[in-house]
Amino acid sequence: MKEKLLKQSSREYSTKQRAVGLALLAPIFLFVLPFLFIRLGVGLDRWLGLPAVFPPPLNWIIGGLLGLPGVFLAMWSIYSQFTIGRGTPVPLMATQKLIIQPPFSYCRNPMALGTFGMYLGVAALFHSLGAGLLVLLFAALLLTYIKRVEEREMELRFGEEYQAYKQRTPFLIPRFWNSSSK
């Protein structure tokens, strides 16, 4: 199993292949998942009788404060994976280099953090407590997967370099001070 994982993750893809991979997956994360969170969340709100949260214009303010930085952080992370890491967020097109520069020097999972912020911002825009709860459930499941599966893969692929990075860089909550970009 380890050998298969290492073989798959060591395959380097061309810039064009990586761009096509991102182009095919982007609509899922930018449109399909937010739509599902809102659709299911609004249904959950009705079913459980949950109150609408954040009346206008508060919903726009909170949605913007969560969503816009979230989108920026997620896109910056993907750009870094594409350019510095020569890979994508997709495990089938894994990065070829451990990225320890910003935003990955602030926390080990800036793309996940940004995505959660973006989705929570969308939930706030649509006044949906149910959507917010679904986003938090999704976040808990994804973070569990990252902790149990992806971190082990990173340790296999990058060894001591990843161990050192893991020791000095928080898992999810960013640390902007004393974050070395070396």
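Every read-out reported here was derived from the displayed coordinates using simple, explicitly stated rules and does not represent laboratory data. It should be emphasised that the depicted structure is a prediction, and the values quoted were computed from it without experimental measurement. We place every Cβ from the backbone using ideal geometry, glycine too, and count neighbours over all the protein chains shown.
Decide, for the stretch 115-182, between rounded, prolate and oblate: order the square roots of the alpha carbon gyration tensor eigenvalues as a ≥ b ≥ c, take rounded if a/c falls under 1.5, and otherwise choose prolate if a/b is larger than b/c, else oblate. Cα axes put the stretch 115-182 in the oblate bin. For the chain, the longest principal axis of the Cα atoms and the long axis of helix 129-145 meet at an angle of about 20 degrees.
Rg and Dmax of the stretch 47-107, based on Cα coordinates, read 17.1, 48 Å. Note on the stretch 79-125: percent of Cα-Cα distances in each 10 Å bin, starting at 0 and stopping at the bin with the largest distance, equals 27, 46, 22, 5. Between L156 and K97, the simple spin-label model (points 7 angstrom out along Cα→Cβ) gives 2.4 nm.
Between helix 110-125 and the chain there is an angle of about 10 degrees, using the helix long axis and the longest principal axis of the Cα atoms.
Label positions at R46 and I61, each projected 7 Å from the Cα along the C-beta direction, are separated by 3.0 nm. For the chain, the alpha carbon convex hull comes to 119 Å³ per residue, rounded to a whole number. Computed from Cα atoms, the angle from the helix 151-168 axis to the main principal axis of the chain rounds to 80 degrees.
Under 1.5 on a/c is rounded, so check that first for the stretch 105-150, then, if it is not, pick prolate when a/b is larger than b/c and oblate when it is not; a ≥ b ≥ c are the square roots of the alpha carbon gyration tensor eigenvalues. Because a/c hits 1.5 or more and a/b fails to exceed b/c, the stretch 105-150 counts as oblate. Sequence-distant contacts, meaning Cα pairs under 8 Å at least 6 residues apart, place the relative contact order of the chain at 31 percent.
Sites listed here are trypsin sites (Lys or Arg not before Pro) in the stretch 75-112 whose DSSP assignment is loop and whose Cβ has at most 16 other Cβ atoms within 10 Å: K97.
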